[in-house]
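Every number in this text was worked out from the coordinates using simple rules, so none of it is lab data. Just so it is clear, the model here is predicted, and its values are computed rather than measured. Glycine also receives a Cβ, built like all others from the backbone with ideal geometry; neighbour counts cover every protein chain displayed.
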Protein chains: 2
Amino acid sequence: MAEPSGAGDSTPLECPGLDTAAGEEFLQEVFQILLQEGVRKSTDVTQKVCDWKEPQELRELLDLELRSDGEGQERLLQRCRDVLRFSVRTGHPRFFNQLFSGLDHHALAGRFLTETLNTSPYTYEVAPVLVLMEEQVLAKLRELVGWSSGDGIFAPGGSMSNMLAMNVARFRRFPESRSRGNWDLPRLGLFASQESHYSILKGAALLGIGTDNVHLVRTDQRGKMIPEELEKEIQRVKAEGSEPLFVCATSGTTVLGAFDPLDAIADVCARHGLWLHVDAAWGGSALLSPRLRHLLAGIHRADSVTWNPHKLLMVGLQCSAFLLRDSSGLLQRCHGVGASYLFQRDKFYDVSLDTGDKSPQCGRRADGLKLWILWKAVGTRGLAQRVERAFSATRYLLEQMKRREGFQLVMEPEFINLCFWFIPPSLRGQENSPEFWEKLGKVAPTIKEKMIRRGSMMVGYQPQGSHVNFFRQIITNPAVTRQDLDFFLDEIQELGWDL
Amino acid sequence: MAEPSGAGDSTPLECPGLDTAAGEEFLQEVFQILLQEGVRKSTDVTQKVCDWKEPQELRELLDLELRSDGEGQERLLQRCRDVLRFSVRTGHPRFFNQLFSGLDHHALAGRFLTETLNTSPYTYEVAPVLVLMEEQVLAKLRELVGWSSGDGIFAPGGSMSNMLAMNVARFRRFPESRSRGNWDLPRLGLFASQESHYSILKGAALLGIGTDNVHLVRTDQRGKMIPEELEKEIQRVKAEGSEPLFVCATSGTTVLGAFDPLDAIADVCARHGLWLHVDAAWGGSALLSPRLRHLLAGIHRADSVTWNPHKLLMVGLQCSAFLLRDSSGLLQRCHGVGASYLFQRDKFYDVSLDTGDKSPQCGRRADGLKLWILWKAVGTRGLAQRVERAFSATRYLLEQMKRREGFQLVMEPEFINLCFWFIPPSLRGQENSPEFWEKLGKVAPTIKEKMIRRGSMMVGYQPQGSHVNFFRQIITNPAVTRQDLDFFLDEIQELGWDL
């Protein structure tokens, strides 16, 4: 197994095997490209949002193949330009397609810092600054939830945060499940609204609980969970011999932006001794606004909360906080294994700062720094203004929409999700005809295709329940102006006019 | 619920709510700081590896508190400098503490690009370039495994990749478990070696299988799983009424760097119809070297593979590929839920490119781009040289160690993990005394503390099995020279001399 002596010839150890001077020069060049063609163009409203290419054409343009030999600097710089050119500009003021959008320069600086540091905040030893920042940011988020103590960790996305909640809930009730699995447990029941995020189903499957054991509770016409229906579902599940465990209330549903009534749900949970998790991945940021935090009234009664600052606060993908009210070390007991190569107990510093064992992950990304820098840059007040501006922009768009013909709301928005149909002139007045809805369901996909091919803007659509495809407009980016919103309506009208 | 008219006053929509000119200026400044104080100092051997501060002192130095008001640009730039100054320099040629280290400028450029793009590769629509790159990179990694077809996805770290393997294995055997959970299943048995990564235990707990149902198979004195012992364990578990499901072989164990004999293990799995997963998070990169790939002989017989290019290939945290031999869509069937707001079936392009539903995550980071850029920059050959240089450096250090007094190997290294004790002069010749091992176990932590306080280098230590604390030296960074390796030995001797 010993290395043949020849190995040393091809890789002499006298000199470094990396050319740092050339590397730094390359980084300088790339950074100017990033700034000009990434950051500046990405946020420039006169640019296209995307430059659509069919997959096969794009594969060829990018010359994706990975070969034996490396390439020269000029070629590589061109590749960086190509990546930027053919990517979607999510920082563009007319990108409304996801629950994230916009480009915050401070947060981006934090991300660059994080990438340069390239470490994992599992131990204080290798990430002292990042561990302390994570601690600080999580405490601040908990404070906004209304907790003066507690625990938490950043997870790779809101779905994983929701799954951690389920796992910790199971562990608290049945600590032996960690070692023995689900077999000795009664069949568990999980509850979430019909409008809850699909990660609850994914999590139930992953955790060995099963999607059939997720009971989707009926919502009212605004998409909010009906507490009385939750109560009924719990009773029904109990009567069937299962054991209710966990309720996920949603603060800001993905499509409609609905906020479940937390206080009433907390009452039901208290009555039955159930873990209350609040999936506030989307709506959690409303806690920053004194004007909007009433939407989450009662959230302090939750056992755990998911909150994704990468959405409304523009921190950058990913930044998902899993927050826990418990301060007894539940998270550590649930997930910790105490690997001796990483979490040595005989270190010379306070090993409670080696927080990595609280997570099912080993190496983790340091998602706290970028939020910390952003927070320092704009303050709590600036974050609140961002949320309120998004809310105001939605109200403006709503008013304008009501003044224009052909726009029909799915419902009055409670938050930032503005859901609507555009009814082309050819379909107007035919609302009672049997083919109306079927035809209307084809309008949004066609408009979407046209806008992507044109590159003028991007907005999402979906069917939901009995509703055929409708648009979901989301404005989180503070760079969006009234002009962009007027453009949005004009563009929908223009693209949908002759359908 | 309507917004009071006052909201418009504080957040007028006529102008953008972000100052992009100031933001770009800030980014320019930050980039120069990053380049000088991050990249350059991080890779400069004359700098310290770390500037140790006690947690409370560091909290105060960083002024962590998050306040109502934002701060000016100069203050923020100073904060960026502080973050770099007090962080551990993982790119330093004398940082040997983890299985990742070093700073590759091309990969870092890819990370900056990824952060600037700020999108999730769940749909082609919002990440056309990133989706195609992921497809290409995964295919290339599979090719190195020996598969001409298959599937895969990037996961947030090797632990998650291993958990995906368990979940897919369970789903293939018991598709109904996805909807019904584990209750109707026989008690499952998972198998991994005593030296396997702790994520197998974490995964068993998360998946509702339970850590007791992970059967740790005995290893030989080099840390390799003994196939005959695996056979015996399987028989024993069957006799106890459980159903063996999944075997995780390790290619490159975390501490010892041992490679399990894959062919013999694959024979056992074939005989019993078990899923064979290879955790090659660490050792997978040896597949790039024609000289070293024999260590993984038989890997093409696996059902799935975990491979973390963020370790040996210096791609940057995180880049963990979960690779699957199956090409029937198992991954999609196992994890897919088909959320209609994201994975609309009536899109105008080939929706098989909307790969996000293959993952239990929703939003995911785009971890393929940085590897793609690095690969383009240095070629397959350059990557192979990197692996071989790491191997050669380890061989050099090994030879030097054998020439010096006081260094005692835990075992001859097969790969890049060089595990050893340093025996201070005061303990030499006392190997047979009853207190020898107890005293020796205190040496590594003490030397470690001294090196961190001095900031001269970082290397990990751990106890393992019957072995008291020993150092695990890992050299992955091609910037490491012979001089650094000599320094390493000198420094250990100096710090441990008077213990």
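Some points to look at:
- 222 nm mean residue ellipticity, helices alone, for the protein assembly as shown (DSSP H n ≥ 4; -39,500 (n - 2.57); rounded to 500): -12500 deg cm²/dmol
- Phi-derived couplings, Karplus 6.51 cos²θ - 1.76 cosθ + 1.60 at θ = phi - 60°, listed residue by residue for the range A:165-177: 4, 4, 5, 5, 4, 4, 5, 4, 6, 10, x, 6, 5 Hz, with x used for Gly and Pro.
- Here the 3J(HN,Hα) profile of the range B:117-124, calculated from phi with Karplus coefficients 6.51, -1.76 and 1.60 at θ = phi - 60°, is 5, 6, 9, 10, x, 7, 10, 5 Hz, Gly and Pro shown as x.
- For A:Cys419, residues with placed amide H under 5 Å, excluding near neighbours: A:Val410, A:Met411, A:Gln473
- Cα-projected label distance for A:Gln430 with A:Ser466, points at 7 Å along beta-carbon direction, nm: 2.2
- Hits among lysines - C-alpha to C-alpha of A:Lys376 under 24 Å, sequence gap 8 or more where chains match: A:Lys140, A:Lys311, B:Lys53
- Across all Cα pairs in the range A:178-243, the calculated P(r) in 5 Å bins from zero up to the longest distance comes to 4, 18, 24, 22, 19, 9, 3, 1, 0 percent per bin.
- The slack in the chain from A:Ser148 to A:Thr46, taken as 0.36 nm per residue of separation less the alpha-carbon distance, amounts to 32.1 nm.
- Taken one residue at a time, the phi angles of the range B:409-416 give Karplus couplings (6.51, -1.76, 1.60, θ = phi - 60°) of 6, 6, 6, 5, x, 8, 10, 10 Hz. Gly and Pro are set to x.
- Each of B:Gln400 and B:Arg67 was given a label point 7 Å from its Cα along the Cα-to-Cβ line. The distance between the two points is 4.9 nm.
- For B:Arg333 and B:Asp490, the FRET efficiency from 1/(1 + (r/R0)^6), where r spans their Cβ atoms and R0 equals 45 Å, is about 0.20.
- Normalised by the number of residues in chain B, the average gap of Cα pairs under 8 Å and 6 or more apart makes the relative contact order 19 percent.
- Pairs beyond 31 Å (Cα-Cα), from B:Lys202/B:Lys402; A:Lys224/A:Lys448; A:Lys224/A:Lys402; A:Lys358/B:Lys450: B:Lys202/B:Lys402
- Where the Cα pairs of chain A fall when distances are cut into 20 Å bins, in %: 20, 49, 27, 3, 0
- For the protein assembly as shown, the alpha-carbon radius of gyration amounts to 0.91 times the rule-of-thumb value 2.2 N^0.38 Å expected for a compact globular protein.
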